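Chemist: Right, I'll just put the structure down here and ask away after.
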Amino acid sequence: MQFKAFEGFKNKASSLLCYILKKRIVSFQGTREMSSRVHSGAKKRFKVLNDGTVIFPHCNKRHGQSKKTHKQSERRQQYGVLTGGMAAKIRRLLKR
């Protein structure tokens, strides 16, 4: 018993193989390995410490410092810490 899709083939095995290849159900080229590179944008913006903590520098430090208070400038000198899901996402991008 053959289906309409398999008509014109001598045996079931070759007909099934041709049907699969036509419909591109299975790729026989092999699977591609994951890239070993880290995300270049995340690499420039975040740092992962040895204990897994993700830190980042604060923004608004480039110019216009004379208009900002001393308290604002001091807060921007410290690193911020990411926690939770965002930290996990950055660790995955940085392969850590």
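Bear in mind that the values in this text are calculations on the coordinates, not laboratory data. Just so it is clear, the structure is predicted and the values come from calculations on it, not from any experiment. Every residue, glycine among them, receives a Cβ derived from its backbone with ideal geometry; neighbour counts consider all protein chains shown.
Chemist: What is the gain in length, in nm to one decimal, between Cys59 and Lys43 on full extension, counting 0.36 nm per residue of separation less the C-alpha to C-alpha distance?
Modeler: Length difference between fully extended and current span is 4.1 nm.
Chemist: Taking the Cα centre of segment 46-96 as the origin and placing charges on Cβ (Lys, Arg +1; Asp, Glu -1), which of Asn50, Val81, Leu93 is farthest toward the positive end of the dipole?
Modeler: Highest projection toward the positive end goes to Leu93.
Chemist: Follow-up. Can you give me the distance in nm between label points at Arg75 and Asn50, each placed 7 Å from the Cα along the Cα-to-Cβ direction?
Modeler: Output for this residue pair reads 3.2 nm.
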